[in-house]
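Have a look at the structure below before the remarks.
The values are calculated or read from the model by the stated rules, or taken from the named source; none is laboratory data. Just so you know, these numbers come straight off a predicted model, no measurement behind them. Here Cβ is always computed from backbone atoms with ideal geometry, including for glycine, and neighbour counts include all displayed protein chains.
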Amino acid sequence: MKPPDLHIISDMNTSSAVSEKGHSGAERPPRLRRSLFAGLCVYGVALLLMHMSVPSGVTRESVSIAGPDGKPCVATVWRPNSPKAIMLIGHGVTSNQGVMATIAKAFAANGYTAVTLDFWGHGRSRERFDWSSNAAQLKAWFAWAHGLGGLPMAYLGHSMGGMAGANALAAPDTGVSAFVSLGMLPGNIPACKTAVAAGRFEELFSEGEARAKAGDKADVIISPFSDHSLEPLDPVLLERIVTWVNGALGLPGPVRFPWGAWARVLLATVFGCVSAFWLAGLAAGMLPRKAHPVRVQPLHRRWSVNPYRFTGRLLGRTGMGDAPRSGSFLSALVKGVLFSAVFALLLSWVLDGHMFTSGLAHPGRFATWCIFAPFLLPPLLAGAWVLERVDLGGMRMRFFVSALTRCAPLLLLSAALFVAVPRLAFGCMILCIWAFIMAMLSAVHAVTTHRAADYRAGAVASAVLLAWTLAYWLPLSWPWIR
């Protein structure tokens with residue numbers, strides 16, 4: 001009989017030679033094949049749904065034009081069969097043209113040639129970020145759009161894109177007849193027909209401030225649902241914007257929002273994320289590993305500086321655990337990198353161009369990814385070891401303890417700041433976004449540790465995927481971006 005304070009790691013994956021239920025190693029290939037087939041099916045559904053989210057009759061093509069100083073500006077053109085107008089769409093800082101694809105689909109479904117552009121340093125652009133040049137980039141796009149058949153033209157800019165639009169449209173003879181500043185109060189209302197649009201929970205300004213700023217020079221469009229980060233995806237807000245632009249340009253016909261396409265994008269994102277976790281976990285679990293006996297002891301002290309232990313006690317886990325390992329650090333490194341590489345590749349194929357521009361072929365962002373990852377690994381490895389000092393028991397508890405410990409302080413701080421200093425609401429939103437990122441990293445660590453039977457693999461996967469998030473989220477301002 002083995003000692004009561006020892007047990008073989010409980011969250012070894014289904015490819016263990018003998019599980020607690022007595023399954024033999026001969027049963028591994030059929031189970032593995034079924035899991036792989038199921039994961040591929042879910043992923044295939046995600047790809048199909050995202051492909052079907054493009055409105056009927058709409059084609060897409062990538063374009064590049066000469067911008068300020070001859071530097072290239074890149075965009076995607078969403079073209080219906082018989083376009084009646086042109087809508088240029090600019091994104092906010094840390095965003096990209098992929099985030100604005102839902103807006104493009106809404107306009108393309110209503111007969112607009114929609115152009116989603118990347119400001120320098122964002123998305124597919126390979127130029128360094130230069131805030132001061134945004135207005136000049138827009139002027140280059142306005143001049144280019146004149147060559148698309150002389151159709152009436154409008155511009156929509158979200159956040160930073162709205163500020164750039166107000167600056168660009170201050171010049172005469174831009175050819176733009178209607179301007180929508182989404183999630184941004186323009187410094188000056190341009191001469192063309194203008195609307196300020198926002199969700200009710202917009203963090204940068206209130207509806208009252210928008211109406212005071214607009215006065216009799218602009219209209220105000222408000223949705224009761226979204227905040228700053230969700231405005232580009234708010235179907236109610238987008239339908240009202242399309243209706244307003246139609247009226248501003250004097251275009252006839254009813255407006256229809258592509259609800260089916262919108263729902264398919266959301267479903268594709270969920271299915272893509274779930275299947276990416278699933279298949280990446282299977283990939284990490286296929287590599288050989290050696291079971292490591294894990295010691296679990298009762299905790300006799302009533303206090304601890306380990307923040308994960310406090311959360312563990314709230315969830316009924318009071319023992320002291322030993323970090324699971326299954327081989328050398330090199331083996332754990334390979335498993336963690338394999339998980340994160342498969343996850344990033346699969347998820348980028350689903351999201352790229354529809355929800356977020358995340359193609360792995362961008363040399364500058366790939367270089368940033370590779371540079372960030374080694375620096376992020378030591379603190380995440382240390383944090384994972386501290387987490388594993390708690391008797392976690394399995395994958396689900398590992399996720400809940402980690403996610404609650406990481407996210408709760410960020411969410412509580414966000415709520416406290418919002419109540420105490422409402423003007424910091426935008427910063428509170430950023431804290432909530434980081435809480436979401438921390439929850440995703442907790443899931444990455446839990447799944448990878450479960451599949452690889454090694455907490456170090458979970459830390460490696462977390463470091464690589466956090467580096468991926470930063471490399472594709474932050475604007476590029478470094479010398480290696482080309």
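Some observations on this one:
- Selected residue (criterion: farthest from Gly98 (Cα to Cα)) from residues of the range 125-146 that are out of contact with any strand residue (DSSP E or B) (no Cβ under 8 Å at 6 or more places or on another chain) and among the hydroxyl-bearing types (Ser, Thr, Tyr): Ser132
- Hits in the range 236-250 (condition: touching a Phe, Trp or Tyr at 6+ places or on another chain (Cβ under 9 Å) and surrounded by fewer than 18 Cβ atoms within 10 Å (Cβ to Cβ)): Val236
- From Ala446, Ala453, Ala471, residue being touching a Lys or Arg at 6+ places or on another chain (Cβ under 7 Å) and within 26 Å of Gly359 (Cβ to Cβ): Ala471
- Residue that is nearest to the chain's Cα centre (by Cα), among those in the range 174-207 that are over 18 Å from Val242 (Cα atoms) and of a type in the set (A, V, I, L, M): Leu204
- Filtered by the rule that a residue be within 23 Å of the chain's Cα centre (by Cα) and either surrounded by fewer than 20 Cβ atoms within 10 Å (Cβ to Cβ) or touching a residue at least 40 places away in the same chain (Cβ under 8 Å) (or both), the range 408-419 gives Ala408, Pro409, Leu411, Leu412, Leu413, Ala415.
- Just one residue in the set Gly336, Gly393, Gly383 is more than 27 Å from the chain's Cα centre (by Cα) and more than 30 Å from Ser125 (Cβ to Cβ); that residue is Gly393.
- When the range 48-77 is filtered for residues that are among the hydroxyl-bearing types (Ser, Thr, Tyr) and either more than 26 Å from Tyr155 (Cα to Cα) or assigned to a strand (DSSP E or B) (or both), the ones remaining, listed by number, are Thr59, Ser62, Ser64, Thr76.
- Remark: Val45 falls outside the filter, which requires a residue to be closer than 30 Å to Ser275 by Cβ, β-branched (Val, Ile, Thr) and assigned to a strand (DSSP E or B).
- Against the list (1) in contact (Cβ under 8 Å) with a residue 24 or more places away in the chain; (2) assigned to a helix (DSSP H, G or I), the condition Met355 fails is (2).
- Test for Met429: is it assigned to a helix (DSSP H, G or I), more than 30 Å from Pro324 (Cα to Cα) and aliphatic (A, V, I, L, M): yes
- Residues that are part of a loop (DSSP other than H, G, I, E, B) and of a type in the set (S, T, N, Q) were ranked within the range 108-162; the one that is surrounded by the fewest Cβ atoms within 10 Å (Cβ to Cβ) is Ser159.
- Cβ-Cβ under 7 Å pairs, at least 6 apart or on other chains, the range 95-122 side within 18 Å of Trp141 (Cα to Cα), far side hydroxyl-bearing (Ser, Thr, Tyr) and in a helix (DSSP H, G or I): Trp120/Ser133
- Subset of the range 327-368 (residues that are among the aromatic types (Phe, Trp, Tyr) and closer than 23 Å to Ala452 by Cα): Phe329, Phe339, Phe343
- For the range 126-140, the candidate set comprises residues that are in contact with a helix residue (DSSP H, G or I) (Cβ under 9 Å, 6 or more places away or on another chain) and of a type outside the set (D, E, K, R); within that set, the residue that is modelled with the lowest pLDDT is Trp131.
- Just so you know, in the range 218-243 the residues that are under 19 Å from His354 (Cβ atoms) and polar (S, T, N, Q) include one that is farthest from the chain's Cα centre (by Cα), and it is Ser226.
- Single residue of the range 163-181 satisfying the filter (part of a strand (DSSP E or B) and touching a Leu at 6+ places or on another chain (Cβ under 7 Å)) that is farthest from Ile221 (Cα to Cα): Val176
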